[in-house]
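A.B. asks: Quick one: structure below, then a few questions.
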Amino acid sequence: MTKRKVLEVNNLNLVLDKTKILKDFSFDLNEGEVFAVIGPNGCGKSSLAYTLMGLNGYQENSGEIKLNGEKINGLATNKIAQKGMTLAWQEPARYEGVTVRKFLSLGLESQGKEVNEKELAEALEEVAIVPSKYLNRKIDDTLSGGERKRIELASILLMEPDVVILDEPDSGVDVVALNNISQVIEDFREKGTGVILITHNEEMLQMADRSVLVCNGEILKRGAPEDISRYFKFECVPCEDENYQEHLEVSSLG
Amino acid sequence: MMVDAYKDAGGDDVFSDSDVAHIVLERDKVLGTNSVEGLEVDVKKQKTGMVAVKVTILENYKISNPVHMCFGVLPEKGKQVIDMEVEVEKNASVEIMADCVFPNATEVVHEMEADIIVHEGGSYLYEENHFHGDDGGVKVLAKSNIELKKESEFKTIFNLRKGRIGEIEFDYESVVEDNAVLEMIARMQGYADDKIKIREAGDLVGKGSRGYLETKIALQDQAEAEVLNELTALADGAKGHVDCTEIIKDEAIARAVPIVDVRDPGAKVTHEAAIGSVDSTQLQTLMARGLDEEDATDVIVQGMLNS
């Protein structure tokens with residue numbers, strides 16, 4: 001059965017401070033598909049995530065973004081979220097005074113859905129967090145980065161988005177949390193959510209159906225995760241590609 | 001009438017409970033008092049229009065239910081001046097919930113001058129909750145002199161529960177003796193042309209004394225805030241921390257001056273002050289959950305004020 005396209009990105013370009021950050025970036029994503037984006041630090045992976053989500057300061061200069069067939073260019077981040085796409089940050093924010101319960105409820109409330117205590121608990125259990133111990137805790141410094149990551153994923157599971165962008169979900173987490181995050185990605189897949197997985201982690205990359213290698217803001221290579229991984233490991237570093245050399249020059253200027 | 005206004009504003013209905021001590025004052029009118037064992041309350045109306053309130057918690061008494069004080073001005077214009085004297089005797093303890101209600105204020109002044117002494121081993125918690133109207137026509141002037149004897153505890157918390165600040169000016173001074181603990185917390189949100197001025201000062205004169213001053217303020221429109229938190233440590237083992245966080249947007253102005261003065265090598269006082277706009281990652285995360293910018297900002301600000 002043909003899978004529905006949930007996201008189409010065509011010739012996306014982003015320029016910040018006169019530097020080309022994304023160059024003619026094109027890809028699409030099907031429902032329930034995991035699409036991995038890998039590349040060296042500073043190559044534009046997170047900028048891609050922010051541009052897709054319409055974050056302030058990351059408005060594309062040209063190109064088209066379609067979510068479920070509808071053009072979403074220029075929409076505010078909250079409108080994009082309401083239409084079905086959201087983002088999990090590499091370093092989730094801390095919220096003084098905001099409880100886990102409140103944080104989980106916000107996404108549901110913004111969609112006009114009723115907040116059901118049982119559903120909140122189930123979402124937390126799905127990310128291996130014990131609801132009775134965490135629902136009343138504050139999302140502040142008392143939670144580890146890994147705990148905040150999993151709580152953010154629980155909030156996204158509750159939203160049931162069509163597309164989720166996971167920006168380095170593996171960074172700064174221990175092995176147990178990593179296994180749990182892998183399971184959550186499988187859960188997204190089963191529920192038909194398309195996943196854009198930005199990662200450096202070999203194990204995570206292998207979960208992808210398709211992958212791209214990004215260098216200096218553009219897609220250098222497309223293919224199966226194992227092929228992309230092999231290329232990145234053995235042919236990409238040290239990099240002699242002119243794209244990467246140009247990137248190094250720009251980085252050294254800034 | 002006052003209690004109704006307080007209840008309408010969201011306050012708890014405690015004034016009919018005979019086990020709960022209370023004082024209800026509307027301008028200079030004493031609308032009700034109730035005392036419990038171990039607590040003495042003396043309220044005297046002065047010719048000047050000022051009301052003198054003396055509260056004594058007798059030695060070794062632990063007052064089990066919080067004592068409720070309801071102060072306020074109901075008409076649009078008016079003045080309330082209270083001279084408060086609180087004495088917590090040796091090893092006594094009390095929690096006071098002071099609810100200040102100005103629901104219709106367009107030109108109201110509320111002045112409070114308090115002398116508070118907490119004797120050895122005593123404990124005093126004072127939570128002040130304000131319920132204002134939306135006009136910002138309230139001017140609150142509060143001055144306190146606090147004396148904490150050895151091994152006593154004092155904590156004050158100020159919250160604006162409803163309405164606009166108007167104009168607030170606090171000036172609190174305290175002297176903290178051996179192993180006594182001082183804690184002052186103020187949280188408020190200013191809109192329009194609200195003005196907030198806070199001065200909290202603690203002299204940690206006793207060995208092992210502790211002081212903690214925390215101020216959290218969120219401002220928008222043309223609101224202004226000036227916070228002066230001052231902790232002076234003069235004895236061995238004295239420790240303190242000053243923490244001021246202010247979030248601003250629009251044309252609001254915030255100033256924070258933490259003063260840390262340590263005069264004994266065995267003492268330590270730290271401070272933290274941060275003024276800025278709402279954190280962009282916090283804001284964008286909530287927007288990525290579907291909240292618009294205003295709602296997301298409100299969640300962050302309320303979280304900060306309730307932390």
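The values are calculated or read from the model by the stated rules, or taken from the named source; none is laboratory data. Because the structure is a prediction, the values reported are computed rather than measured. Ideal geometry is used to build each Cβ from the backbone, glycine not excepted, and the neighbour counts take in all protein chains shown. SASA here: full protein model, heavy atoms, side chains in, ligands and nucleic acids out. Shrake-Rupley method; radii C 1.70, N 1.55, O 1.52, S 1.80 Å.
A.B. asks: With both partners inside chain A, how many of the DSSP beta bridges are antiparallel, as a percent to the nearest 5?
C.D. replies: Numbers: 22 of 39 bridges.
Here the antiparallel bridges make up roughly 55 percent for chain A.
A.B. asks: Along the charge dipole of chain B, which of B:VAL36, B:THR156, B:VAL242 sits closest to the positive end, that is, farthest toward it, with unit charges on the beta carbon of Lys, Arg, Asp and Glu (+1, +1, -1, -1)?
C.D. replies: So the residue furthest toward the plus end is B:VAL36.
A.B. asks: Follow-up question, since we're still on this one. Using a 10 Å cut-off around each Cβ of peptide A:103-115, what is the average number of partner chain Cβ atoms that fall inside?
C.D. replies: Details: counts 5, 1, 1, 8, 5, 2, 4, 8, 2, 1, 0, 0, 0.
That average works out to 3.
A.B. asks: Taking a temperature of 20 °C and a viscosity of 1.002 mPa s, what whole-number D in µm²/s does Stokes-Einstein yield for the protein assembly as shown with Rh from Kirkwood over alpha carbon pairs? The partial results should precede the final answer.
C.D. replies: Values: Rh = 26.9 Å.
Result for D is 80 µm²/s.
A.B. asks: Can you give the charge dipole size of the protein assembly as shown about its Cα centre, rounded to the nearest 20 debye, using +1 on the beta carbon of Lys and Arg and -1 on the beta carbon of Asp and Glu?
C.D. replies: Values: 61 positive and 104 negative charges, 122 e Å.
Dipole magnitude for the protein assembly as shown comes out near 580 debye.
A.B. asks: Using the Karplus curve 6.51 cos²θ - 1.76 cosθ + 1.60 with θ = phi - 60°, what ³J(HN,Hα) values do you get for each residue of region A:72-85, in whole Hz, with x for Gly and Pro?
C.D. replies: So the Karplus estimates, Gly and Pro as x, are 10, 4, x, 6, 5, 3, 5, 5, 5, 4, 5, 7, x, 10 Hz.
A.B. asks: Give, as a single signed number, the net charge of other residues whose beta carbon lies under 15 Å from the beta carbon of A:SER105, with Lys and Arg counted +1 and Asp and Glu -1. Walk me through the numbers on the way to the answer.
C.D. replies: Values: positive: A:ARG101, A:LYS102, A:LYS113, A:LYS118, A:ARG137, A:LYS138, B:ARG289; negative: A:GLU109, A:GLU114, A:GLU117, A:GLU119, A:GLU122, A:GLU152, A:GLU160, B:ASP295, B:ASP298.
The answer is -2.
A.B. asks: Oh, and also: Roughly speaking, what is the stretch gain from A:LYS118 to A:ARG4, that is 0.36 nm per residue apart minus the C-alpha to C-alpha distance, in nm to one decimal? Mind dumping the intermediate values first?
C.D. replies: Details: separation 114, 0.36 × 114 = 41.04 nm, distance 3.07 nm.
Extending this stretch completely gives an extra 38.0 nm.
A.B. asks: Next up: Taking only Cα atoms, what is the 0 to 90° angle, nearest 10, from helix A:100-110's long axis to the longest principal axis of chain A?
C.D. replies: It is inclined by approximately 70 degrees.
A.B. asks: Enter the mean number of other protein chain beta carbons within 10 Å of the beta carbon of each residue in A:46-56, as an integer. Each step should come with its number before you reach the end.
C.D. replies: Details: counts 0, 0, 0, 0, 1, 0, 0, 3, 3, 6, 5.
That average works out to 2.
A.B. asks: While we're here: For region B:35-51 and region B:78-123, compute the distance between their C-alpha centroids and round to whole Å.
C.D. replies: Their Cα centres are 11 Å away from one another.
A.B. asks: Anything over 25 Å Cα to Cα? Flag those among B:LYS45/B:LYS197; B:LYS155/B:LYS207; A:LYS45/A:LYS221; A:LYS138/A:LYS191; A:LYS118/A:LYS149, in the order listed. Please report the intermediate quantities before stating the final value.
C.D. replies: Details: B:LYS45/B:LYS197 29 Å; B:LYS155/B:LYS207 19 Å; A:LYS45/A:LYS221 14 Å; A:LYS138/A:LYS191 29 Å; A:LYS118/A:LYS149 21 Å.
Those over the limit are B:LYS45/B:LYS197; A:LYS138/A:LYS191.
A.B. asks: Taking each residue in A:70-80, count the Cβ atoms of any other chain within 10 Å of its Cβ, then average. What number comes out? Working shown, then result.
C.D. replies: Details: counts 0, 0, 0, 0, 0, 0, 3, 12, 11, 3, 3.
Mean inter-chain Cβ contacts per residue within 10 Å come to 3.
A.B. asks: Sticking with this structure for a sec: Given a 1.4 angstrom probe, I'd like the percentage of the accessible area of region A:1-137 that is carbon and sulfur, rounded to a whole number. Don't jump to the answer; show the numbers that get you there.
C.D. replies: Values: 2740 of 6230 Å².
Accessible surface attributable to carbon and sulfur in region A:1-137 totals 44 percent.
A.B. asks: Which of the pairs B:LYS62/B:LYS149; B:LYS29/B:LYS54; A:LYS18/A:LYS71 have their Cα atoms more than 23 Å apart in this structure? Show your work: numbers first, answer last.
C.D. replies: On the way: B:LYS62/B:LYS149 17 Å; B:LYS29/B:LYS54 16 Å; A:LYS18/A:LYS71 26 Å.
Too far apart for the 23 Å limit: A:LYS18/A:LYS71.
A.B. asks: Near the amide H of B:GLY72, under 5 Å away, which other amide H atoms are found, from residues 5 or more places off or on another chain, if H is placed in the peptide plane?
C.D. replies: Those lying under 5 Å, H to H, from B:GLY72 are B:LEU25, B:ARG27, B:VAL101.
A.B. asks: On to the next question. With θ set to phi - 60°, apply the Karplus curve 6.51 cos²θ - 1.76 cosθ + 1.60 along region A:113-127 and write out the HN-Hα couplings as whole Hz, x wherever there is a Gly or Pro.
C.D. replies: Listing the rounded values in order: 8, 6, 8, 10, 3, 5, 5, 4, 5, 5, 5, 5, 4, 5, 9 Hz.
A.B. asks: Here is a further query. Could you list, bin by bin from short to long, the percent of Cα-Cα pairs of region B:146-300 in 5 Å steps?
C.D. replies: Whole-percent P(r) values from 0 Å outward: 2, 10, 18, 18, 16, 12, 10, 7, 5, 2, 0.
A.B. asks: A follow-up question, please. Tell me the label-point distance for the pair B:ASP8, B:THR33, using the 7 Å Cα-to-Cβ offset, in nm and rounded to one decimal.
C.D. replies: According to this spin-label approximation, the distance is 2.8 nm.
A.B. asks: What does the charge add up to near B:GLU251, with Lys and Arg as +1, Asp and Glu as -1, over the other residues with Cβ less than 14 Å from its Cβ?
C.D. replies: -3
A.B. asks: Highest mean first, what order results for A:8-19, A:80-91 on Cβ atoms within 10 Å?
C.D. replies: Numbers: A:8-19: 14.8, A:80-91: 22.2.
Answer by packing, highest mean first, reads A:80-91, A:8-19.
A.B. asks: Which FRET efficiency, nearest 0.05, do B:ASP115 and A:ASN179 yield, Cβ-Cβ r, R0 45 Å?
C.D. replies: Numbers: r = 62 Å, r/R0 = 1.37.
Plugging the Cβ-Cβ distance into 1/(1 + (r/R0)^6) gives 0.15.
A.B. asks: If you don't mind, another one. Multiplying the sequence separation of B:ARG161 and B:SER64 by 0.36 nm and subtracting their Cα-Cα distance, what value in nm do you get? Working shown, then result.
C.D. replies: Numbers: separation 97, 0.36 × 97 = 34.92 nm, distance 2.45 nm.
That pair, B:ARG161 and B:SER64, stretches by 32.5 nm at full extension.
A.B. asks: What is the dipole size for region A:25-108, taken about its Cα centre, with +1 at each Lys and Arg Cβ and -1 at each Asp and Glu Cβ, in debye to the nearest 20?
C.D. replies: Values: 8 positive and 8 negative charges, 67 e Å.
Once rounded to the nearest 20, the dipole reads 320 debye.
A.B. asks: Another question, if that's okay. Report the one residue of B:THR270, B:ILE217, B:THR281 whose Cα lies farthest in the direction of the positive end of the charge dipole of the protein assembly as shown (charges on C-beta: Lys and Arg +1, Asp and Glu -1; origin at the Cα centre).
C.D. replies: Projecting each Cα onto the dipole axis, the largest value belongs to B:THR281.
A.B. asks: Roughly how many nanometres apart are two label points built 7 Å out from the Cα toward the Cβ at A:GLN111 and A:ASN68?
C.D. replies: Output for this residue pair reads 1.0 nm.
A.B. asks: Under a 1.4 Å probe, what is the accessible area of chain B per residue, stated in Å²? Let's see the in-between values first.
C.D. replies: Numbers: 12870 Å² over 307 residues.
For chain B, the solvent-accessible area averages 42 Å² per residue.
A.B. asks: Give the accessible surface of chain A per residue, rounded to a whole number of Å², with probe radius 1.4 Å and ligands, DNA and RNA excluded. Let's see the in-between values first.
C.D. replies: On the way: 11480 Å² over 254 residues.
Accessible area per residue, chain A: 45 Å².
A.B. asks: Dipole of chain A (Lys/Arg Cβ +1, Asp/Glu Cβ -1, origin at the Cα centre): which of A:ALA128, A:THR99, A:ASN179 lies farthest to the positive side?
C.D. replies: Looking along the dipole axis, the top candidate is A:THR99.
A.B. asks: Right, something else. What is the antiparallel percent of DSSP beta bridges lying wholly in chain B, to the nearest 5?
C.D. replies: Values: 12 of 150 bridges.
Antiparallel bridges make up about 10 percent of those DSSP assigns within chain B.
A.B. asks: Please report the buried accessible area for the interface of A with B, total over both chains, probe 1.4 Å, in Å² to the nearest 100.
C.D. replies: Adding both sides of the contact gives about 1800 Å².
A.B. asks: Could you pull out which residues in region B:152-171 have an amide N less than 19 Å from a spot 7 Å beyond the Cα of B:ASP193, following the Cα-Cβ vector?
C.D. replies: B:164-169
A.B. asks: Where nothing but the Cβ of Lys and Arg (+1) and of Asp and Glu (-1) is charged, how large is the charge dipole of chain B around its Cα centre, in debye to the nearest 20?
C.D. replies: Working: 32 positive and 61 negative charges, 73 e Å.
So the dipole magnitude of chain B works out to roughly 360 debye.
A.B. asks: What is the antiparallel percent of DSSP beta bridges lying wholly in the protein assembly as shown, to the nearest 5? Walk me through the numbers before you get to the answer.
C.D. replies: Values: 34 of 189 bridges.
Counting only bridges with both partners in the protein assembly as shown, antiparallel ones make up about 20 percent.
A.B. asks: Turning to a different aspect of this structure: Is the shape of chain B best called rounded, prolate or oblate, per the rule: a/c under 1.5 gives rounded, else a/b larger than b/c gives prolate, else oblate, with a ≥ b ≥ c the square roots of the Cα gyration tensor eigenvalues?
C.D. replies: Numbers: a/c = 1.81, a/b = 1.09, b/c = 1.66.
Oblate, since a/c reaches 1.5 and b/c is not below a/b.
A.B. asks: Next up: Carbon and sulfur atoms: what percent of the 1.4 Å accessible area of chain B do they account for?
C.D. replies: Details: 5420 of 12870 Å².
It is 42 percent, rounded to a whole number.
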